[in-house]
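The values are calculated or read from the model by the stated rules, or taken from the named source; none is laboratory data. Since this is a predicted model, take the numbers as computed values, not measurements. Quick reminder, even Gly has a Cβ in these numbers, built from the backbone with ideal geometry, and neighbours come from all protein chains shown. What goes into the accessible areas is simple: the full protein's heavy atoms, side chains included, and nothing from ligands, DNA or RNA. Shrake-Rupley method; radii C 1.70, N 1.55, O 1.52, S 1.80 Å.
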Amino acid sequence: PGNLIYARPPERGKIFVSSKMNGSPLKAERRAAVEAIGEFPLAHPWAWEDSAEAGPYCSEHECVAQAGTSEGLVLILEDEITPITRSELKAAQAAGVPIFVMLKTGVARDAELERLIKRIRGEGHTTVNFSSPGELKTRVAKALRTLALRWWRSQMLQRCETAGTGAGGGALASEDFGGVKV
């Protein structure tokens, strides 16, 4: 595992799919997230069941390394967070990538997970509730489109600010957008 190279594909961003996998309780949800990411033209899903090259003895190392070299993380949570999932989340956070937390409704969450969700929301990451794999697929697709649109708009505003002009041709500064909430 120490000799593996974790490269990013040049044409599409790699989005890592993370969730509890012991006994595959979220198998249908993982499949829905992978499908949604795969249908988005700018992203490629990375999920253990489809993408892993390593064997079972280095699976944690492989997953944490992939999470830390991805352009985004879709974290599907139910009632608890496992140690491996927590490590994947930390790797993605260290990489500074967007994190999309998908929260299954109708389950009792443990106190540790509730604290984690509150912290992630406070950091400004996307948290969305879902009740079925179909709804999850729709929510992941919408989150990716929103991310792409926000990036596009931020690049446009940055170019306008650098040039000293706005979309209408007048001077525009970032403080002109004070109080605007997205």
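Structure data summary
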read-out	value
Filtered residue count, region 63-114, keeping only those that are part of a helix (DSSP H, G or I), open to solvent by less than 30 Å² (accessible area, probe 1.4 Å) and farther than 20 Å from Ala43 by Cβ	2
Number of positions in region 25-46 that are without any contact (Cβ under 8 Å) to a residue 12 or more places away in the chain and touching a Lys or Arg at 6+ places or on another chain (Cβ under 8 Å)	0
Meets criteria (buried (at least 16 other Cβ atoms within 10 Å of the Cβ) and without any contact (Cβ under 8 Å) to a residue 24 or more places away in the chain) for Glu135	yes
Search result, residues across region 138-169 that are open to solvent by less than 60 Å² (accessible area, probe 1.4 Å), in a helix (DSSP H, G or I) and free of Cβ contacts under 8 Å to residues at least 40 places away in the same chain	Thr146, Ser154, Gln155, Cys160
Per-region count, region 90-126, residues β-branched (Val, Ile, Thr) and at pLDDT below 90	1
Looking only at region 115-130, and only at residues there that are of a type outside the set (A, V, I, L, M) and within 18 Å of Gly68 (Cβ to Cβ), the one that is surrounded by the fewest Cβ atoms within 10 Å (Cβ to Cβ)	Glu123
Where Glu49 falls short, out of the listed (1) farther than 17 Å from Ala95 by Cα; (2) at pLDDT 85 or above; (3) part of a helix (DSSP H, G or I)	(2)
